[in-house]
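The values are calculated or read from the model by the stated rules, or taken from the named source; none is laboratory data. None of the values given here were measured: they were computed from a predicted structure. Cβ: placed from backbone, ideal geometry, glycine included. Neighbour counts: every protein chain shown. Note: areas computed on protein heavy atoms with side chains; ligands, DNA, RNA excluded. Shrake-Rupley method; radii C 1.70, N 1.55, O 1.52, S 1.80 Å.
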Amino acid sequence: MPVVLGPNRYGKAETRLVRVVRDGGVHHIKDVTVGSALSGDMEAVHLTGDNAAVLPTDTQKNTVYAFARKHGVAEIEDFAILLARHYVESQPTVHHARVEIEEHFWDRIPVSEDVAGERGRHSFVRSGREVRTCAVHHDRDGTTTVVSGLRDLVVLNSTDSEFSGFVEDEYTTLPPTKDRVLATAVSARWRHLPGAEAPGTAYGESYDEVRRHLLGAFAETYSLSLQQTLYAMGERVLNAREEVCEVRLAMPNKHHFLVDLTPFGLDNPNEVFHAADRPYGLIEGSVLRDDAPDARFAWE
Ligand SMILES: O=c1[nH]c(=O)c2[nH]c(=O)[nH]c2[nH]1
């Protein structure tokens, strides 16, 4: 039976890079995980083993470290754009590059003024914060797409959440509730309008603001379902941030079940919960401007 090569890409996944910037005794660290995936004239390597078109994944890893030294790592989107364009522009056989980066936050460990003054400020504790993400594509036709995001942003409302009025069939046992705990770990990705990748785009400020609006909408929405909360979060970002044209959210419903304490002669007025970890509801959705331009490969 005749077979053909389908879509393919290759690259180096999860290159771990930590960069230390020294400002006298005050140090700053940037901790990122970089993945690159290239595609283009790759028929020969798959069909005959001819590697002439292949920029080794080892070289891609080295490029990440060399670029960190040459260009620094400021906003992850800018670093990803730099790398993606470099692969396409320097390699005739590479037609398309995807670079994804995750940033892991560190907090400074407070030290007493005496120690800080004498020995500097160079101690950090890994933050319990979310992970910041981005995925950049650059294509030989000149198109660059930028998707920013975050994951593991864990949030909880201890009231102002209901879930009732749902379909009940012969398998339904869930009691309707007018007051429940609503908790989730938000994964959000947002697509920047084309052109947003122009140098100088303030990705850091954009990130902080989108995060602020996601949290604000979660906290301020009286929730009738996680689906409704998801939409409100996406809508808030789109109304507030003109550089964003689409928001995709994935939110696991981290169920909190009221524990039955009657065997112990105790009541439980919405106070003691079992925080279950699985299975969990998974609510996913996209919210976009009605005039959002075609996403092309942005989400791939
Ligand atoms: O917000 C919710 N949406 C659902 O679709 C659902 N289904 C369920 O069992 N609990 C919930 N909660």
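With unit charges on the beta carbon (Lys/Arg positive, Asp/Glu negative), name the residue among PHE273, LEU193, GLY285 whose Cα is farthest towards the positive pole of the charge dipole of the chain.
LEU193
How many angstrom lie between the Cα centre of the stretch 165-194 and the Cα centre of the stretch 279-300?
Cα centres, the stretch 165-194 to the stretch 279-300: 17 Å.
What does the charge count around ASP50 come to, taking other residues whose C-beta lies under 12 Å from its C-beta (Lys +1, Arg +1, Asp -1, Glu -1)?
-2
Roughly how many percent of the accessible protein surface of the stretch 90-174 is carbon and sulfur, given a 1.4 Å probe and a whole-percent answer?
Here carbon and sulfur together make up 49 percent of the probe-accessible area.
Per DSSP H run of n ≥ 4, the term is -39500 (n - 2.57); total these for the chain, divide by its residue number, and report the mean residue ellipticity at 222 nm rounded to 500 deg cm²/dmol.
-8000 deg cm²/dmol
Please list, in order along the stretch 19-32, the HN-Hα scalar couplings obtained from phi with the Karplus expression 6.51 cos²θ - 1.76 cosθ + 1.60 (θ = phi - 60°), rounded to whole Hz, x for Gly and Pro.
Once rounded to whole Hz, the list reads 10, 9, 10, 9, 10, x, x, 8, 9, 10, 10, 10, 10, 9.
Would you tally the net charge around LEU258, using a Cβ to Cβ cut-off of less than 15 Å, leaving LEU258 out, and scoring K and R as +1, D and E as -1?
With Lys, Arg at +1 and Asp, Glu at -1, the net is -2.
Could you provide, to the nearest whole Å², the per residue accessible area of the stretch 1-142 with probe 1.4 Å? Display every interim value, and only then the final one.
Numbers: 7910 Å² over 142 residues.
Using a 1.4 Å probe on heavy atoms only, each residue of the stretch 1-142 averages 56 Å².
For the stretch 192-293, what is the accessible area per residue in Å² when the probe is 1.4 Å?
For the stretch 192-293, the per-residue accessible area is 57 Å².
In debye, nearest 20: dipole of the chain around its Cα centre with unit charges on the Cβ of K, R (+) and D, E (-)?
Using Cβ point charges on Lys, Arg, Asp and Glu, the chain gives about 1060 debye.
Please list, by residue number, every one of the chymotrypsin sites (Phe, Trp or Tyr not before Pro) in the stretch 170-257 that is coil in DSSP and has at most 16 other beta-carbon atoms within 10 Å.
Qualifying residues, ordered by number: TYR171, TYR222.
Where nothing but the Cβ of Lys and Arg (+1) and of Asp and Glu (-1) is charged, how large is the charge dipole of the stretch 1-142 around its Cα centre, in debye to the nearest 20?
Values: 18 positive and 21 negative charges, 70 e Å.
Computed about the Cα centre, the dipole is about 340 debye.
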